[in-house]
Every structure is written in C-alpha cells, then in structure tokens.
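Inspection log for the structure reproduced underneath, given as structure tokens.
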Amino acid sequence: MLIAARDDNGLMSVRVRFGRMVRIVRRAPQPAPLRSDWATLAKLLPYLWRYRWRVGVALLFMVGAKAANVGVPVLLKQLVDALAIKPGTPQGLAAAMLVVPVGLLVAYGLLRLTTSLFTELRELIFAKATEGTARSVSLEVFRHLHALSLRFHLERQTGGMTRDIERGTRAVHSLISFSIYSILPTLVEVTLVLGILAVKFDAAFVWITVAALVFYIAFTVTVTEWRTQFRRQMNEFDSTAHARAIDSLLNYETVKYFNNEDFETRRYDESLERLRRAALKSQSTLSLLNSGQQLIIATALVAMLYRATEGVVAGRLTLGDLVMINGFMIQLYIPLNFLGVMYREIKQALTDLDKMFGLLERHREVDDRPGAAALEVPAGVVRFDDVRFGYDAARTILHGVDFTIPAGRTVAVVGPSGAGKSTLARLLYRFYDVGGGRITIDGQDLRDVTQASLRAAIGIVPQDTVLFNDTVFYNIAYGRPGATRDEVEAAARAAHIHDFIAATPKGYDTMVGERGLKLSGGEKQRVAIARMLLKNPPILIFDEATSALDSANERAIQAELKSAAQGKTVLVIAHRLSTVVDAHEIVVLEAGRVVERGPHSELLARGGRYAQMWRLQQSGEGEGGSEAHAAEFAAAPLGGR
C-alpha cells in the first residue's frame, strides 16, 4: 500500500506499507512553479475585500480629484482667451474685458483646492485598508510559520526568511499605493483627456496621444520584464548576504573561539560582491529604460505642440487651445514619466509578495485532523506502542519502541548518544508524527487530538535551553502568561535561582540577552525549570534537566523536581544515571531499540547494558555521553539479559 504526502519543505514522501511495517521514502524537493502576477494579486484580494467599502469611497474621491485636475487646463484656456484682446478693440471695451478673468482665477484656485482635498480624503479613507491588509497578511504568515513542523525550522535560514517577510510586508503597501494612488488615477485622467481632445479638436491629437501611450507602455513593460531577472537576483543575493551576516553574529563566540573573523568577513564580502554586480546590471538597464521613455515622451510632445501651433497659425485654434493642449500633455506625461518606476515597483512587489505567500503555502507536515478533539487527561498514562520513526529514509531512529509510563509514575530512558532518547520527547510533543505504531495518552492517539491541547498538558525542561531576549521575569512567566509576580518568584525559589536574580542590580527585570547568552548554562537551565514549574502540567519531560548544574545545585533541584513530579506522569531522559536511580522503571535504548527495562536495582542485578554503563560512570571514566564511552557501551556484549 502506497501513501503519498508532502512535508513543510515540499519534499514528496511515499510510505510503503507491508502489513504493520512502514518505510518512508523521501524524494528530492521539486522547485515551486512561478506564480503569475494575476494569481498573486488574486491571493491578495481576499484580504483587501474586507475593506471594500473604504476602497469604493476612496475610488470616488480619486475620480473627483482627477476630474478637478483635468478641469484646470480648461480653465486656463478660458483665462488666456479672455486676456487675448484682438487688435482694434476699443480701449473702454478692453478695460472691461480685464475684469472677467477674476472669476476664472477664483475658479482655478477652487479646482486646485478640490484636487488636493479629494486626494487627501482618498488617502485618509484608504489608509486603514492599506495598514489593515498588511497587518492581516503578516499576522497570517507569522501564525503559519509557528504551525509548521520542527523539520522546517531546523532547515530554514533565519536571516533570509525574515528578509522575505520584511519585503513581502512592504510589497503590500507598494502594490496598494501604486495601483490605487497612481495607476488607476492615471487611467482615469487619460480617459478624460482623450474624451476632451476627441470632442473639441480633430482626431490627430487623439491618435498622437494614443500612439505615444501604446509605445510608452509597450516599451516599459518589455524592458521591465527583461529587467526583472536582475531584480530577482538582487533579492536572492541580498537574502543570502543577510542570512550569512545573521548566522555569523548569532555564532559570535564560535567565530572568536576559532579566530575566524577574517574568514567570516570574506564569506560576507563574497555575498556583497555578487549583490554589487547584480545591482550594477539593474542600474544600467534602468538607465536604458528611462532614456527610452524620455525619447517617446519628447517625440509625442513635439508632435502635439507642432499640431497645435499649426492650428493657431491657421486660425482653427485659439491661443487658449494651445495652452490647454500643453497643460493636458504635461498632466498626462508627468505621471507617465513615473510609469516605468511604478511598473517596476509593482513587478518587484508582486515578486516579493509571491515569495511571502510561498511561505504560507508550505505544507504542514504535522497538522490537526478535521474534527480533532481536545486531549483529556484524567489519569495521564503515556503509551509508546510499537513506535517506529526516522527523520529521513537513510537513517531510521526508532525500531518498534514499546513501553508505558503509568499515571503518576516516573520512567527514565537511558542509552548512548544517538539511541533516540530525545526523539521520544519530540514525538510525544508531536513535533513529528510517528512513521509506524502510535503514541497514546489515556488511550487517545496523539494524531487524533489537537496539538494545542496536547502541548498544554506537557511541560519540558530541555537539554539546550534557549531564552527570549527579554527580562528574567518574562522568560519565567512564559510558562504561564499572566502569572503574578509572586507566582513567578515562587517558581524561581523552587528552581533555586531566586537568590541569584535578587542579587542582580535590576532583579527580575534583568535582560538575559540574545538566546539567553548573558546567563551561564546552569542559570539558563534553572530558568527553564522555573518556567516548567510555573506551567504545572500533568505530564512532565526532563531531558537532561540538570546536566549544566554543579553537584550541590543538582541535588537540591533534584529534590525540587521530585517534589514537583508527585502525582504526575514523568519521562526522564538522562545520561547521568545517578539522577534516575529513583525512577519506577528505567528503559535502556540502544540503536533505537529497547534492550532492557526495569528498576535500578533489578537492572544492576542482571549485569547487562545498564550495569555496564553504571560501572563506567561510577569508576569516573565518563557518564555515557562521550563518543568513546558510547562506542564502548554499544560494542559490549549484552550479558545477563
């Protein structure tokens, strides 16, 4: 039986099922097909549709502003014609005619004011739609990224991805701004001007204008489409350079440890050099575009003014008609002069937006089933039932792991590095779905319940604690947002970190730095313990919870953890066997298989894998975590099993 699926990164996987055995074969990722501009716009429209009445009102104000703007050259014509006193006109009549333009001047001022007023009202009405749309898209992408599986986040490049999101958010503003504020108003104005030219003058003016527009738009679109490849290269190189810089700065200490500042600088400079070359190509093609546009505009203006001047000389047109035609051309070609910029920005915005929408289309490798119920934990019995799993087809991690953690009991899992111990915690949290078998809590398959309710029922102290770049209080209270200060301090006391926090100048308001780097490993681990104690869930996972602590603090915190575990279901993952001697059952994993299980005393009496590991640690040769000890442990005979 074949079951096809696609994960967060577009990897097509095929499950081949033989009875109860499942093998996952993962194919190489297929490049995502380029989405058309119209398809990208179609994905944006539903967000904008929520503000449709604002869009409608803004469009009405836009039409009003352009109508008033087109009326300005018409008034100028009337003004010039009114001032054009023909030879032979009596002096008294000429003096009377000079009074007429006062009303036209007032009307001219009112039209200019109306244009500005309608434009500002349009922007005021539409601002909420623009900002609301950008916020909705960004929020959905942010929420979706948190919903993607751990595999996606282990393989992504943070710097490049954040750059894509940043550009995508700007793209929403650019698209709306250029389309509603520039393209549509220009189209309305062109339509009005062509209508006036067709009615008041001969068709030659219309055809010259239309021909210029056609040549201008065709040239702009053709060259801009050709230039898009260079803009896309610029974006890719910019994201790569940004990702390298962020990665290097996040690993500042490692760079210093190996004296590799120059090496990192060279790598960053390689990315900047590629970006520079792409930027130069983009700029040279932009100059070509601008020059061609100016040539088309200049040719059209000369043709229109020649035709108008000829009409004035022949007596078919007045001097006011010439001024009006010139005013129309200026009003048309000033915005058209920016059409190349607008079109390029729109194309770039569509490219950036498409990339951000691409993040939204990343498939969730782990997703709630339709109608999934909330997890109920009346007792807290955790069951690993013939669990099989591999991160990829080349390396299977777990082979039919089978054990139960009874309600209110503590089960420890030990074994050499790479045996699959931490994988059990990831599967229990459902960061991944099992490849075969199942995991249940009180008989409920984890795949049948919502992930939110599952994770609300589990608390973990991870081996590698990563903190937010915020205060100590924030990081502890993260276990239960909304907790009072007294509750946070009580959790800190239980984790034996309150005295340390109180001794700092800012106390609980002390900033911990990027990823908690201002704290030592032991301090970070105690913050993680306090955070878990504050959450107080029915199921606990201790993944090397005290590995970064000294012996004195370890004994004190072990007592606190034992107290916190009373009446709770606990999974302990450990290398240091002295921390699990009190567990109700100890499960020994080797190469993803359960090779031994039982209480500490019983496993010692058997003289098998566990007993050998115990002797190694007690003799001071190691704690089972080094490669040498892991290899020795794995190679030793099984013994009295």
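The values are calculated or read from the model by the stated rules, or taken from the named source; none is laboratory data. If you're wondering where the values come from, they're calculated on a predicted model, not measured in any experiment. Note that each Cβ is placed from the backbone with ideal geometry, even for glycine, and that neighbours are counted across all protein chains shown. When the accessible area is computed, the model is the full protein with side chains, heavy atoms only, and any ligands, DNA or RNA have been set aside. Shrake-Rupley method; radii C 1.70, N 1.55, O 1.52, S 1.80 Å.
Examine the stretch 380-392 for a residue that is open to solvent by less than 30 Å² (accessible area, probe 1.4 Å) and in a loop (DSSP other than H, G, I, E, B), and state whether such a residue exists.
yes
So which residues in the stretch 446-466 are open to solvent by 20 Å² or more (accessible area, probe 1.4 Å) and either more than 10 Å from residue 430 (Cβ to Cβ) or β-branched (Val, Ile, Thr) (or both), if there are any at all?
448, 450, 452, 453, 456, 460, 462, 463, 464, 466 - these are the residues of the stretch 446-466 that are open to solvent by 20 Å² or more (accessible area, probe 1.4 Å) and either more than 10 Å from residue 430 (Cβ to Cβ) or β-branched (Val, Ile, Thr) (or both).
Among the residues of the stretch 414-436, what is the count of those that are among the polar types (S, T, N, Q) and surrounded by fewer than 21 Cβ atoms within 10 Å (Cβ to Cβ)?
So the count comes out to 2.
Sort out which residues of the stretch 465-479 are assigned to a loop (DSSP other than H, G, I, E, B) and either of a type in the set (Gly, Ala, Ser) or touching a helix residue (DSSP H, G or I) at 6+ places or on another chain (Cβ under 9 Å) (or both), and write them in order of number.
Residues satisfying the conditions are 465, 466, 467, 468, 469, 478, 479.
Please pick out the residue among 455, 485, 526, 531 that is among the basic types (Lys, Arg) and over 30 Å from residue 406 (Cα atoms).
485
What number of residues within the stretch 432-463 are closer than 25 Å to residue 561 by Cβ, in a loop (DSSP other than H, G, I, E, B) and in contact with a Gly (Cβ under 9 Å, 6 or more places away or on another chain)?
2
Read through the list (1) open to solvent by 60 Å² or more (accessible area, probe 1.4 Å); (2) in contact (Cβ under 8 Å) with a residue 40 or more places away in the chain; (3) aliphatic (A, V, I, L, M), then give the number of the only condition that residue 334 fails.
Every listed condition holds for residue 334 apart from (2).
Test residue 288 against the criterion of being assigned to a helix (DSSP H, G or I), surrounded by 16 or more Cβ atoms within 10 Å (Cβ to Cβ) and either at pLDDT 80 or above or touching a strand residue (DSSP E or B) at 6+ places or on another chain (Cβ under 8 Å) (or both), and give yes or no.
No, not satisfied.
Within the stretch 467-477, how many residues are under 25 Å from the mean Cα position of the chain (by Cα) and either surrounded by fewer than 22 Cβ atoms within 10 Å (Cβ to Cβ) or acidic (Asp, Glu) (or both)?
5
Note down all Cβ pairs under 6 Å where the first residue falls in the stretch 197-210 and is without any contact (Cβ under 8 Å) to a residue 40 or more places away in the chain, the second is open to solvent by 30 Å² or more (accessible area, probe 1.4 Å), and they're at least six residues apart or on different chains.
Here the result reads 206/194; 206/198, each pair linking the stretch 197-210 to a residue that is open to solvent by 30 Å² or more (accessible area, probe 1.4 Å).
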